[in-house]
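Just so it is clear, none of the values below were taken in a lab; they were calculated from the coordinates. Here the structure is a predicted model, which is why all the values come from computation and not from measurement. Neighbour counts are summed over all protein chains in view; Cβ atoms, including those assigned to glycine, are modelled from backbone coordinates with ideal geometry.
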Amino acid sequence: MPSHADLDRQIEHLMECKPLTELEVKTLCDQARAILVEEWNVQPVKCPVTVCGDIHGQFHDLIELFRIGGSAPDTNYLFMGDYVDRGYYSVETVTLLVALKVRYRDRIIILRGNHESRQITQVIHEGMGLENEIRHNDDFQLNANTLGILESKFLQLLYPGNDDLALVYGFYDECLRKYGNANVWKHFTDLFDYLPLTALIESQVFCLHGGLSPSLDTLDNIRSLDRIQEVPHEGPMCDLLWSDPDDRCGWGISPRGAGYTFGQDIAAQFNHTNGLTLISRAHQLVMEGYNWCQEKNVVTVFSAPNYCYRCGNMAAILEIGEHMDQNFIQFDPAPRQIEPDTTRKTPDYFL
């Protein structure tokens, strides 16, 4: 097994946006799995801690996040999922986060998002649901006519006449391009099954990727789930990764086709039942990087600035201090890097 010195060398290498070898990735994932299997569905977390939302392969913005929030292990971090897909550097992003987890296991928590899934990472993301991750607001004026349109078409609606629209990529496709085979994708997607579903900061702040489930009234219900599996198409585990808060009370059908929408009454009751002060979640683009909703029972944190390199949003992280004080830090994207060659390598089985 790699020593701390080996891990430090790998982390330094990754911080320069240089991928590890296939063998190094396999070894790293094996080490991470041994750590994650010991963590809980509701992983307890102590403060101070900095809570982060979606990253989506925007590696240089992750480095900017560490520059602003503090480097690991000097700062404790809790990431709420969606490390891969859409950006150009999913491989480097998820490898760095897993390497930091292995090196500083008690200093960094990485939860599962809906994109940490075999099926989702194989989708061609030029046409998958960006519009459903955007809050209904005056900047975008989403309505029934725009819901369900292809992602690339949606970007064209935002930027008419712009022929330089950013393409967005899936993790599977990126692994093929960078390694010439799907082995690294398999190592990571097997590891994703072991990621905790939720976290609980000092028994007060409940953190997860998506939202609540009509099948789960208590944290003990969540603790009893069998999480070590591919994300199901429906059911409580799916709901935790896919659901969204909504202005309407009660439960609703999600426009995403998975999970539910839940109203302020649902969130307030869940918080009351479980002695919580706040639900912190990610999963939706919010233009200011964070958004309070449902009478401050819920906050959305989104940490991918200028999402898909075109949405123009700010990003944010949530610092929770030693006395549970809350401080949001907003940040802009890192300086734009030269875009990588996205020509797919020929897989070994075609050679």
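Filter the GluC sites (Glu not before Pro) in the stretch 282-329 to those in DSSP coil with at most 12 other Cβ atoms within 10 Å of their Cβ, and list the result.
Numbers: sites: 288, 295, 319, 322; in loops: 288, 295, 322.
Filter output for the stretch 282-329: 295, 322.
In Å, the Kirkwood hydrodynamic radius of the stretch 4-333 over pairs of distinct alpha carbons?
Kirkwood hydrodynamic radius for the stretch 4-333: 19.7 Å.
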### Query
Can you list the HN-Hα couplings for the stretch 297-303, worked out from phi with the Karplus curve (6.51, -1.76, 1.60; θ = phi - 60°), rounded to whole Hz and with x for Gly and Pro?
7, 9, 10, 9, 10, 10, 10
### Query
Using the count of nearby Cβ atoms within 10 Å as a rough guide to exposure, how do 85, 217 rank from fewest to most?
217, 85
## Note on the structure
Sorted by chain and number, the residues with a modelled amide H under 5 Å from that of residue 51, at a separation of 5 or more or across chains, are 78, 318, 319, 320
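Exposure proxy check: 95, 189 ranked by fewest other beta carbons within 10 Å? Before the final figure, lay out the partial values.
Values: 95 27, 189 23.
Least to most surrounded, the residues fall as 189, 95.
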### Task
Assuming R0 = 35 Å, can you tell me the calculated FRET efficiency for the pair residue 296 and residue 336, based on Cβ-Cβ distance, to the nearest 0.05?
0.50
## Note on the structure
By the C-alpha gyration tensor axes a ≥ b ≥ c (rounded if a/c is under 1.5, else prolate when a/b exceeds b/c, else oblate), the shape of the stretch 204-351 is oblate
### Query
Out of the stretch 1-72, which GluC sites (Glu not before Pro) are coil in DSSP terms and have no more than 13 other C-beta atoms within 10 Å?
16, 38
### Task
Restricting to the stretch 4-333, compute how many DSSP beta bridges are antiparallel as a %, nearest 5.
50 percent
### Query
Which FRET efficiency value, to the nearest 0.05, is calculated for residue 328 and residue 224 with the Förster distance at 25 angstrom and r the Cβ-Cβ distance?
0.15
### Message
Using alpha carbons only, how many angstrom separate the centre of the stretch 35-74 from the centre of the stretch 168-221?
### Response
13 Å
